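Before any comments, here is the structure.
FYI, it's all coordinate maths here, none of it is from the lab. Note that the structure is predicted; figures quoted are calculated from it, not measured. As a convention, Cβ positions derive from the backbone with ideal geometry for all residues, glycine included, and neighbour counts pool all protein chains shown.
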Amino acid sequence: MRLVQEGNPRAFELLYDRHGGAAFSLAYRMVGNRVTAEDVSQEAFLSIWRSKARYQPDRGSVRTWVLGIVHHRAIDALRRNLVHEKRRSSAEGIEERHEAPEREQTDVEAARREEARHVRDALENLPKEQTRVIELAYFGGFSHSQIAEMLQMPIGTVKGRMRLGLEKLRKGLKEKVA
Amino acid sequence: MSVERHELLQEDVGAYLLGALEESERDRFEAHLHECPVCSDEADRLRTAVQALPRSVMPIPSPAGLKTSLMAVVQAEVRERDGASARRFRPVAWTTERLKRSASALGRRPGLAMAAASVVLLAGVVTGAAGLYAIENATDEQPQRQASSRTIVAKVDKTRVPLGSGSLVLPPDRENGAVLRVHGLRPLEQGSVYQVWLERGGETISQSLFTVGEDGDGAAAVADDLEGADAVVVTREPAGGAKAPSENSILTVAL
């Protein structure tokens, strides 16, 4: 990361090689089409390159940091594009697009898929209504009031389910690791 | 910290971490986090769950063209950065007049957009395709202008040009045109060229014609004043160029 911060293009390329796939996957999961997902990924990595990176190791791994930037960019894209409006009418789309096409996997890819399965299991073990509000907020970019309107429930209930769901998810992930 | 305020805001922590609060609520909650150790601890604890969410996404391969396009911009910016620090090199003014003069010197007819594009391509080769720097003895007309030039990434129609990418390098002063660089475009059959257009207020103005090498790389001049322009676009046209675009653009740089 030090070399990326110094503007070394080779180091930046390695950063992309390591995290570009996860970045594109997250963007695609959120925006639902390849072209916008490419734009989001490119914007995210260019912002890393141009800002010479403000990565802080004490705030988490490089991957977490990169994916956080991609997430913000995808939310921006969702909020400025019609994509959001189109998807609003079909909240089911938020839960789809999980499965990637089968292809030959490298060890790293296999490990990533295993990790994805692990987190998804923990997420799916939550009560459905908690999973739903978390996914609509995080992957769909919807605000609590939008979710309340879509699911026809009070805002307080939505906020409560988010909080409870995250607490249960944290415990679930911890148990799986232990 | 007041107990009432804590009780009012503690339920927001999940929505805050998920980015689901409205802007004013988010500001209010962040202010609360600074003064409430209970909520601050809970936010730190739950953040690990939020950070795990992107890892639940099954990985899919990213398109090869994405890396190509990204690295093209990065390399262009590195070349500009390195070029800016080279002592013997001075920036060439990015004016239409300059392009015409250079075209004349090379025995080409000034005024033709194709010639201007060729000069740009030649300059790119001479200088390592960096950013239109040239060794020259002229007086320093444009001191340091390349230092703050800007690169805008093009949007490419991936259905027609799956491996294509491009970027427009603008000088600090938009009155002085720009250079469009492309990568991964298909070399066209004889009798066809790529044509660059400038869109401004509903009007589409031809800028230059160009072809690409076997590697799909090429460059072209956008000689007109970019002030007030909406976009630079590229279409495929018959050799000699068209008076108006005959197809939807394959590549668009929104200004």
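Some notes on this structure:
- Estimated inter-spin distance, B:Val3 and B:Glu214, nm [label 7 Å along Cα→Cβ]: 8.2 nm
- Using the Cβ of A:Pro9 as centre and a radius below 11 Å, the other residues enclosed give a net charge of -1, where K and R count +1 and D and E count -1.
- The stretch B:184-255, relative contact order [Cα under 8 Å, separation at least 6], %: 34 percent
- Taken along the Cα-to-beta-carbon direction at a fixed 7 Å, the label points for B:Lys243 and A:Met153 span 6.4 nm.
- Going by neighbour counts of Cβ atoms within 10 Å, the residues A:Met1, A:Met30, B:Met71, B:Met58 line up, fewest first, as A:Met1, B:Met58, B:Met71, A:Met30.
- Hz values of 3J(HN,Hα) by residue in the stretch B:28-35 - Karplus curve (6.51, -1.76, 1.60), Gly and Pro given as x: 5, 5, 5, 5, 5, 4, 5, 10
- For the stretch B:186-203, Karplus couplings with θ = phi - 60° (6.51, -1.76, 1.60), whole Hz, Gly/Pro x: 6, x, 7, 5, 4, x, 10, 9, 8, 10, 9, 10, 10, 9, 9, x, x, 9
- Likely footprinting exposure, A:Met150, A:Met162, fewest C-beta neighbours within 10 Å first: A:Met150, A:Met162
- Note on A:Thr106 and A:Arg50: the model spin-label points, each 7 Å out from Cα along the C-beta direction, lie 2.9 nm apart.
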